[in-house]
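Notes follow the structure.
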Amino acid sequence: MEVIYKRAKILATVGPATDSYEAIEDMVRAGCNGFRLNFSHGDHDQKDRWIGWIRQAAAEVGKPVAILQDIQGPKIRLGDLNDNHQAVKKGDTLTLVYNGTHDNLTIPVQYDLSAKVKKGERIYLFDGKIKTKVISTNSKQIEVEVENDGELMSRKGLNLPDTDFGGDILTKKDFADLEYGASHDIDYVAVSFIQSAADIDAVRGFLAEHGSSAMVVAKIETKAAIEDNELEKIVEASDGVMVARGDLAVEVGAEIVPLIQRRIIGLCQKHAKLSIVATQMMASMVDNPEPTRAEVSDIANATIVGADCLMLSDETANGKYPLEAIASMKRTILYTQEHVQVRPIDEPISSEAHSVAISAAAVKLAKQLHADAIVAETKSGATAMHIAANRPVRPIVSVTSDPRVANQLSLLYANKTFLKPDGDRAGIELAKELEKNGFLKPNATVVVVSGRQPGLKGATDTIRVRQLGN
């Protein structure tokens, strides 16, 4: 029986609810293709444990699995409040003090904002629940006026949609976490609160200096990042883009997020970059064993427009039903792709590069011949990325000799990666093996994309059509 691959992949967050080897392995078997490690919480000893478990589970199950390091960035939070909370009313004046002590209407914050914010700018407290406007700024403190009644709680986040951080998006903690990731088994680094393409370049340079081959994912969650003259530059500079819908909704307004999501997915298709849709995809499953109809529609719509990867956050990090959330997401993806043709938002840009043209031609040829799969021999993963950008109907079967590339490609649209030694018949031999093991049907037709110099990056120049079993 032919195996059906998910086109949209699943990225799950590890947390207290899944803090065991058994939970990690169960998630891999349930359909998880990658794991997000949230560096806003926990310590490096905890991450050592999780990385070890993920690699062990991937080896046990027998499939590459990606590890994504999500660094905190300038996620600004309140400090500790007396009794953990404080009620505020419209018209109150609060003084936000860096490393201050809570005293009546003096509120401690964990970041010195005084040099960044300006009078009249908005600051949203408690992840957007309390709206305020800046009245004045002084050394290490800011006065704001509260615009609605509500309650503050200790260590809850702040959003500053009007504030320009001037490229200062990496904290001392971030640099320490990046250095940790560069010396450990990390496949992707997700960079929070990106404002410009220069932010991506800075992170990529730091990783290169520390010998890391991790790909860089831009988290889009600021007003500056979605400006017309900046968003496409960010996509081009990145290896992938995450639509971080939670903070983005607070920063720009929830009504804008669906359109930004579509635009980002389209730009990623245009430039052959990975697209990840994140935040509250199945939020109700933190406490309930079944998703809402709206959540199922959210997943189906992301699948229809050709998103590479869908992410679970609290659902698997803190929820009561992590395995059920993965299984439900997988069922929705498979049912949707079986019954609705994918409708890409954009087409890949044309290029004179051989690998780009060959990849596009292979997808067209596979469609015309009703081929059962496209087999991509790839060293860096670029060939598979360019094939996937064309959103083929049939699965992409990638073969690479690089373990890091195999892990990274596990999040790619419609792709299944196998780790094999380089060779001039690596793709054909893999296809025959998959036919023998039931992954492809008997006498399957495959389109093989390769290079005349196996193992050489950027040498893709050949398309071959083979009918297996002959």
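Computed quantities for the displayed model
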read-out: Counted residues, segment 389-416 - those being among the aliphatic types (A, V, I, L, M) and out of contact with any Leu (no Cβ under 8 Å at 6 or more places or on another chain); value: 5
read-out: Only listed residue being among the small types (Gly, Ala, Ser), over 30 Å from Thr163 (Cβ atoms), crowded, with 21+ Cβ neighbours inside 10 Å and in contact (Cβ under 8 Å) with a residue 24 or more places away in the chain, chosen from Ala17, Ala23, Ala58, Ala30; value: Ala58
read-out: Qualifying residue in segment 42-53 (condition: under 17 Å from Ala244 (Cα atoms) and not in a helix (DSSP H, G or I)); value: no
read-out: Index of the failed condition, Arg343 passing every other in (1) without any contact (Cβ under 8 Å) to a residue 40 or more places away in the chain; (2) in a helix (DSSP H, G or I); (3) not acidic (Asp, Glu); value: (2)
read-out: Identity of the residue in segment 217-239, in contact with a Leu (Cβ under 8 Å, 6 or more places away or on another chain) and assigned to a loop (DSSP other than H, G, I, E, B), that ends up surrounded by the fewest Cβ atoms within 10 Å (Cβ to Cβ); value: Asp239
read-out: Selected residue (criterion: nearest to the chain's Cα centre (by Cα)) from residues of segment 335-358 that are among the hydroxyl-bearing types (Ser, Thr, Tyr) and surrounded by 13 or more Cβ atoms within 10 Å (Cβ to Cβ); value: Thr336
read-out: Failed item in (1) in a strand (DSSP E or B); (2) within 24 Å of the chain's Cα centre (by Cα); (3) more than 30 Å from Asn407 (Cβ to Cβ), with Ala190 passing the rest; value: (3)
read-out: Single match in Asp287, Asp228, Asp314 (criterion: of a type in the set (Asp, Glu) and under 19 Å from Asp70 (Cα atoms)); value: Asp314
read-out: Tally of residues being of a type in the set (Gly, Ala, Ser) and either under 18 Å from the mean Cα position of the chain (by Cα) or within 24 Å of Leu68 (Cα to Cα) (or both) across segment 290-311; value: 4
read-out: The lone exception for Ala12 - which of (1) under 23 Å from Ile326 (Cβ atoms); (2) out of contact with any Leu (no Cβ under 7 Å at 6 or more places or on another chain); (3) at pLDDT 95 or above it fails; value: (2)
read-out: Enumeration of residues in segment 352-369 that are under 23 Å from Val465 (Cβ atoms) and either assigned to a loop (DSSP other than H, G, I, E, B) or among the charged types (D, E, K, R) (or both); value: Ala353, Lys364, Lys367
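The values are calculated or read from the model by the stated rules, or taken from the named source; none is laboratory data. Predicted model only: the values in this text are computed from it and were never measured. Because the Cβ atoms are built from the backbone with ideal geometry, glycine has one as well, and the counts that use them run over all protein chains shown.
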